[in-house]
Amino acid sequence: MLAKIFCFALFGLDAFPITIEADIADGLPSFTIVGLPDNAVKESRERVRSAIHNSGYEFPQGRITINLSPADTKKEGPCFDLPIALSILSASGLFDHRLLGSFAFLGELSLDGSILSISGALSYALSANPEQCKGIFLPLTNAPEAAMADNVPIFPVAHLKEVIAALNDPSMLKPLKAKPLIEQKPRSTGISDFSEVKGQAHVKRGLEIAAAGGHNVILIGPPGSGKTMLAKRMAGILPDINKTEALEVTQIYSIAGLLKNTAIINSRPFRNPHHTASDIALIGGGPNPRPGEVSLAHHGILFLDETPEFDRHTLEVLRQPLEDHHVVIARAARTIKFPAKFLLIAAMNPCPCGFRLGGRKPCHCSSPEISRYMNKISGPLLDRIDLHIEVNAVKSDELFRKSDGESSSVIKKRTTKVWQKQKAYTKENYHIDHEGQQLLKMASERLGLSGRAHEKIIKVARTIADLEDAETIKPHHIAEAIGYRALDKI
């Protein structure tokens, strides 16, 4: 007897439909899976056999052939266990197989028949066609995440017997209702407040500008000056994430297998990869391409501490996502595009010992050593970073003073206002008065700025003007923006 069942497979962020066919014929007992399965899919034979037996059903005897269609697309992962088991039970006549054509099924099976969580549930739900699919059966732990798509009904199941019972009695089908985003409990991010930072007023001002306009930042200063501390507080002054952004971030984390104990990620990501990370770990890729750190930081912050310690080639792969806000990974069969719209915060010392600029100790680095260290960050990459901010060591008397700086919530109100205002901007909003144009022209000639750096200064100046509610970019806005180009001056 032949049975058909539907599910999905992942390629990048997208899911595409898969048809699973099961045929049970007379002959010596065998169990074959065809249709380009990977090892995880091939091993499902043993999981499915044990799950069916331990759930109280009889595993059919004879020649069992499972076909995964389309046959020319590689199938990966354990999410096919549940549909394979159902196709076998349907082919053996356990329930009416006509119901199978109305639903999609996904889930990994434990040996006792329990249905375990899978990766990419939100992508499956977003890709389902409501006209062809009446609902998706998913593991209990993945159902809240998939329900956020609000595309097709999601039916949470915890055991193989639950699925069989629901297919035999459709009145048992009860779709899960997603909670609104505002009711979702935010993840504990452990973000400290800006009011706790002592001194560093100019750095906090620069980070506020970066948060308000979505500008990339590099912090240059000696060890212990507070670069990492300030970067980690940056997430607390970014505008709140909206539902569209939250769904995009959740989809990426779901595919990466990093979505734990939450239906949706409703706070902006903060990623801090170690400097030993490879280019694939940073940008994404692999045999079955997975998102890298730049995509995991989508709509959030990517913090690179000790930036010159990263491999130079690894840093260079940042150039495309910083410019285009996405990553393109080419494979022989298909090209994948992962979103990567993030705010980059890089931190570095001014020299190998770290004390060349404003350090408490004398610098003993030679000029060639300094040149080699600084050249680890290429000019084209620096061109894509809007703000270069010097972070000086805090004086000892300031450390004993009580901090009286603004809280993150107060700063966040200003950055949110500017963020919303700039969404509607066109080129006409970047008008610079005559004195400002002359100042920018003079600075470009003296500093030898590229066309990209020239544009970056204008955009930063526009954000500074917006923080003052000014319609036109004035000379003092241009001057402050130029002041945040420390590495061009160095």
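For the structure I just gave you, tell me whether A40 is under 34 Å from the mean Cα position of the chain (by Cα), of a type outside the set (V, I, T) and open to solvent by 10 Å² or more (accessible area, probe 1.4 Å). It is true that A40 is under 34 Å from the mean Cα position of the chain (by Cα), of a type outside the set (V, I, T) and open to solvent by 10 Å² or more (accessible area, probe 1.4 Å).
For the stretch 91-116, filtering for residues that are over 19 Å from K134 (Cα atoms) and open to solvent by less than 40 Å² (accessible area, probe 1.4 Å) leaves 6.
As a summary of the residue check, D23 satisfies the conditions (1) surrounded by fewer than 22 Cβ atoms within 10 Å (Cβ to Cβ); (2) outside any strand (DSSP E or B); (3) not hydrophobic (A, V, I, L, M, F, W, C) except for the one numbered (2). Yes or no: H313 within 25 Å of T335 (Cα to Cα), within 16 Å of the chain's Cα centre (by Cα) and open to solvent by 10 Å² or more (accessible area, probe 1.4 Å)? No: the conditions fail for H313.
Scanning the stretch 190-240 for residues that are out of contact with any helix residue (DSSP H, G or I) (no Cβ under 6 Å at 6 or more places or on another chain), farther than 19 Å from H388 by Cα, in contact (Cβ under 8 Å) with a residue 24 or more places away in the chain and of a type outside the set (S, T, Y) yields a total of 3. Of the residues making up the stretch 45-55, at least one is exposed (fewer than 14 other Cβ atoms within 10 Å of the Cβ), in a helix (DSSP H, G or I) and without any contact (Cβ under 8 Å) to a residue 12 or more places away in the chain. Taken together, the residues in the stretch 256-282 that are in contact with a helix residue (DSSP H, G or I) (Cβ under 6 Å, 6 or more places away or on another chain), hydrophobic (A, V, I, L, M, F, W, C) and either open to solvent by 20 Å² or more (accessible area, probe 1.4 Å) or within 24 Å of A9 (Cβ to Cβ) (or both) amount to 5. Elements of the type strands (runs of 3 or more DSSP E) sitting completely within the stretch 235-351 and holding at least 1 residues that are modelled with pLDDT under 95: these cover 326-330, 335-339, 343-348. Of all the numbered requirements in (1) more than 30 Å from the chain's Cα centre (by Cα); (2) open to solvent by 50 Å² or more (accessible area, probe 1.4 Å); (3) modelled with pLDDT under 90; (4) within 21 Å of A9 (Cβ to Cβ), E76 misses one, and that requirement is (1).
Given the criteria part of a loop (DSSP other than H, G, I, E, B), under 17 Å from Q422 (Cα atoms) and either open to solvent by less than 20 Å² (accessible area, probe 1.4 Å) or among the aliphatic types (A, V, I, L, M) (or both), does A461 qualify? Considered against the rule, which asks whether it is part of a loop (DSSP other than H, G, I, E, B), under 17 Å from Q422 (Cα atoms) and either open to solvent by less than 20 Å² (accessible area, probe 1.4 Å) or among the aliphatic types (A, V, I, L, M) (or both), A461 comes out as no.
Only a single criterion out of (1) touching a residue at least 12 places away in the same chain (Cβ under 8 Å); (2) under 18 Å from I218 (Cα atoms) is not satisfied by L439, namely (2).
The values are calculated or read from the model by the stated rules, or taken from the named source; none is laboratory data. Bear in mind the structure is a predicted one, so any value in this text is a computation, not a measurement. Backbone-built Cβ (ideal geometry, glycine too); neighbour counts: all protein chains shown. The accessibility values were calculated without ligands, DNA or RNA, using every heavy atom of the protein model including side chains. Shrake-Rupley method; radii C 1.70, N 1.55, O 1.52, S 1.80 Å.
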